Amino acid sequence: MVAPMGYPAPFGAPAPVVALPPLLGELLIARCGVAADVIERGLAKQREEGGLLGEVLVGLRLIEEDQLALALALQSEMAYLRELPRAEEIPNELIEKVPINFAKQHSALPLGRDGSGRVMVAIVDPTRTEVIDNIAVLLGEPVEPVVAAPTKVLDCINRAYARIRGGAELESSKHSSDDEEDFGQSEELVDMLDANDEAPIIRWVNSLMFQAAKDRASDIHIEPGERDVTVRYRIDGALREAKRAPKKFQPSIAARVKIMAGLNIAEKRLPQDGRIRRKMAGKDVDMRVATVPVAAGERITIRLLDRSSVLLGLADIGFAEDHLEAIRAIIKRPHGILLVTGPTGSGKTTTLYACLSEINSPDQNILTIEDPVEYQLEGISQTQVNAKIDLTFASGLRSFLRHDPDVIMVGEIRDRETAEIAITASLTGHFVFSTVHTNDAAGGITRLVDMGIEPFLVASSLVGLLAQRLVRRPCYDCAVPRRPSQAEVIELGLDPATFFAGGYDFPKVKGMRPPPVGTVYQAVGCRACNELGYRGRTGIYELLMINEQVRRLALDKADAGAIRNAGVAAGMVTLRAEGARKVVQGLTTPEEVMLMTAEATD
C-alpha cells in the first residue's frame with residue numbers, strides 16, 4: 001500500500017524506498033576507469049584536510065578534470081560536454097547578457113540554443129542550482145545545463161568575451177539633446193575596471209558610477225519607465241537627469257548592479273539592500289545599494305559615500321568661530337547628551353563623525369551603534385544594527401554599558417526604550433551623542449517628552465541640542481554680486497540700513513568669500529558647476545545650550561516655541577539668522593536660506 005503524495009504512509013506500512021544518487025567514488029571507478037586504490041588515497045587526504053573528494057583527487061593529480069566532470073554529470077543526471085564550441089559560434093546576445101565577473105566567479109557560460117529552444121549553459125558544479133537559476137534570469141530564457149571541465153569552461157569564457165571586446169556596443173536611445181551620451185559609450189577607469197571587464201553592460205554601469213563620483217553626486221537613481229530607464233544624480237541636494245537607456249537593457253543593468261552589491265539577482269519581488277566598495281579616481285568610495293519593486297520593474301538607488309567628504313573636522317563643516325568654541329566645550333564634558341536634529345540628508349552623521357574625531361584619543365573608550373556604519377573610524381568600536389537578529393539601538397546600547405565606555409554614539413533615538421537607556425548612560429558618567437528628527441533644536445526636548453521620558457530626566461541629562469541644514473555654496477567661477485531688495489534683507493532677519501552700509505561683522509567661517517558691501521551672490525551657472533550655479537554645500541547650525549531657564553521650561557513641559565524664545569534670549573543664533581550670516585559672508589545665497597529654513601521658522 002502506497003500513501004498518496006503529501007501524506008504519511010499508513011501505520012505499520014513500510015516506508016517508500018528513495019533511490020539515493022550513486023557516490024562519486026563509485027562512479028569514478030565504474031564509469032571513468034579510476035582504480036579503487038586511487039579513490040582510497042583521495043578519501044584519506046580528504047579526512048586529513050577536508051574539502052570535496054573530486055577537488056582533492058584533481059589537486060593530487062590522481063584523476064583528470066574531464067573524468068571528474070563526467071562523474072558529476074552522471075551523478076546529477078545531466079549531459080556531459082567534452083568539447084565546448086568555438087568562441088565565434090556562441091551568439092553575442094547571450095554573452096552580453098551575462099557579466100564576465102559572474103561567468104568567471106561561477107564558472108558558467110551560455111553556449112547556444114538547442115533544438116528545443118533552450119539555452120545550453122556550460123557549468124562546472126551541477127549542485128549549484130542557484131547559479132543555473134540566476135543565468136536563466138539574466139538570459140530571460142529557459143536553460144539546459146551541461147557539465148564541462150573547469151579549465152575548458154574558463155578558457156571558453158576568456159575567448160568568448162575577448163572576441164566581443166571593444167566590438168559590440170549597445171544601442172543608444174534617441175534624444176533630442178545633441179550632447180546626450182550614447183548608451184554603450186563609457187570612460188575607461190583603470191582603478192575600477194578589471195582588464196577583462198569589457199562587456200558593454202559592465203562598462204556602462206561602471207561609467208555611470210564613475211561619472212557620479214566625478215560630478216560629486218551623493219545618490220544615483222536608476223528608475224525604470226514604460227519605454228526606457230532613466231538615471232538621475234543628486235548633486236548638492238538637487239536631482240538632475242544624467243542618462244537614459246533603452247527599456248530592453250533594464251534587466252541586465254539591474255542584474256549587474258545586484259551582482260556588484262552581492263544581492264540575489266533572481267529575487268525581484270522584495271526590496272534588497274547591499275553594499276559596493278570601489279576605488280574611483282584614486283578615492284575609496286563606498287556605495288549603499290537599495291532595490292525596490294515598482295510598477296515598471298525594479299528601482300535602484302545607490303548612495304555614494306566618499307570617505308574624504310564625510311570624515312571632516314569640526315572646522316571644515318561650516319561652524320562659525322563662536323559655534324565652534326561652544327561645540328568643543330560641550331563634547332569635552334565627562335557626561336551628558338548632545339542631540340543633533342534635522343531631516344534626513346542634513347549632514348547629521350558627518351557632524352557626529354567630526355565630533356568623535358575631535359575627541360578620539362588613546363585614553364578614550366568610544367563605542368558607536370549605527371544604521372548603517374557608513375565609515376570605519378580608527379580607534380573607535382562601531383556596531384551596526386541588525387533587526388533580523390534583534391540587534392537594535394536599544395539592545396546594542398544596553399550591552400555597551402557593560403564595556404566601560406567613556407563616549408557612546410547612538411545613530412538615532414527612535415523610541416522610548418532607546419531614549420531611556422541613553423539618558424541612564426549619561427547620568428551614570430558617560431557622554432552620549434545621538435540624533436532625533438525634529439525641525440529645530442527646541443523641538444528635540446519636546447520630542448523626548450512626547451516619547452514618554454520624564455521631563456526631569458530630559459532636563460538633567462541634556463547639555464545641548466544642535467539643529468542643522470545643508471545649503472548650497474555658490475560656484476565662485478560664475479557667481480555674480482547683486483543688490484538684494486529691502487524686502488529680501490528683512491526676510492533674512494537683517495537690518496537693511498546696517499546691511500547696505502556693511503555694518504555686520506559676523507564671526508568668521510572657514511572658506512568664506514564675502515561679496516562687495518551691500519550685495520549678495522547670485523547663482524548663474526558655468527561648465528565648472530555643470531550649469532547649476534552651485535558647487536558644494538556647507539552647514540547652517542542652531543545651537544541650544546541647556547541653561548537654567550530652558551531647564552525650568554522643560555520641567556514644566558513647555559512647548560517648543562517657549563523653549564526657542566528662551567534660547568534666543570540667551571544668545572542662541574537661529575537657523576534663519578545663521579543662514580543670513582552666511583549670505584553676508586558669501587557662503588550661500590538668499591534663495592537657499594529661504595528654502596532650507598522655511599520649516600524651522602514655521
As I understand it, the dipole of the chain uses +1 on the Cβ of Lys and Arg and -1 on the Cβ of Asp and Glu, about the Cα centre. Which of GLY396, LEU544, ASN386 lies farthest toward its positive end?
LEU544
Please report the carbon-and-sulfur percent of the accessible area for segment 298-377; probe 1.4 Å, protein heavy atoms only, DNA, RNA and ligands left out.
48 percent
Give the relative contact order (percent, whole number) for the chain; include only Cα pairs under 8 Å separated by 6+ residues.
9 percent
Excluding same-chain residues fewer than 8 positions from LYS268, which lysines have a Cα within less than 27 Å of its Cα?
LYS97, LYS104, LYS243, LYS247, LYS248, LYS258, LYS388
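Report, for the chain, the % of DSSP beta bridges that are antiparallel, rounded to 5. Don't jump to the answer; show the numbers that get you there.
Values: 57 of 88 bridges.
Approximately 65 percent, going by the DSSP bridge assignments.
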Peptides 372-379, 123-130 ordered by average Cβ neighbours within 10 Å, highest first:
123-130, 372-379
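Before rounding to the nearest 500, sum -39500 (n - 2.57) across all DSSP H runs of length at least 4 in the chain and divide by the residue total; then give [θ] at 222 nm in deg cm²/dmol. Kindly include the intermediate steps, with their values, before the conclusion.
Numbers: 23 runs with 216 residues, N = 602.
So the calculated ellipticity at 222 nm is -10500 deg cm²/dmol.
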Using a probe radius of 1.4 Å on heavy atoms only, what accessible surface per residue do you get for the chain? Whole Å² is fine.
48 Å²
In the set (1) 230; (2) 239; (3) 160, which value of volume of the Cα convex hull per residue in Å³ was calculated from the structure you see?
(2)
For the chain, whose charge dipole is built from +1 on Lys and Arg Cβ atoms and -1 on Asp and Glu Cβ atoms, the candidate among ILE90, GLY342, GLN486 with its Cα farthest towards the positive end is GLN486
Unpaired by the 4.7 Å Cβ criterion, cysteines found in the chain:
CYS32, CYS156, CYS355
Return the carbon/sulfur percentage of the accessible area of segment 447-588, one whole number, probe 1.4 Å, all protein chains in place.
50 percent
Would you give the gap between the C-alpha center of segment 254-276 and the C-alpha center of segment 37-102, rounded to a whole Å?
28 Å
Of the listed peptides 328-338, 390-400, what is their order by residue-averaged count of other C-beta atoms within 10 Å, with the highest listed first?
390-400, 328-338
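Can you pull the percent of segment 102-162's accessible area that's carbon plus sulfur, 1.4 Å probe, other chains left in place?
In segment 102-162, the share of accessible area belonging to carbon and sulfur is 53 percent.
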Hey, which lysines would be in cross-link range of LYS582, C-alpha to C-alpha under 21 Å, not counting anything within fewer than 8 residues on its own chain?
LYS348, LYS508, LYS510
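The values are calculated or read from the model by the stated rules, or taken from the named source; none is laboratory data. Note that the coordinates shown come from a computational prediction; the quantities given were computed from them, not determined experimentally. Neighbour counts are summed over all protein chains in view; Cβ atoms, including those assigned to glycine, are modelled from backbone coordinates with ideal geometry. The area values use the complete protein model at the heavy-atom level, side chains included, leaving out ligands, DNA and RNA. Shrake-Rupley method; radii C 1.70, N 1.55, O 1.52, S 1.80 Å.
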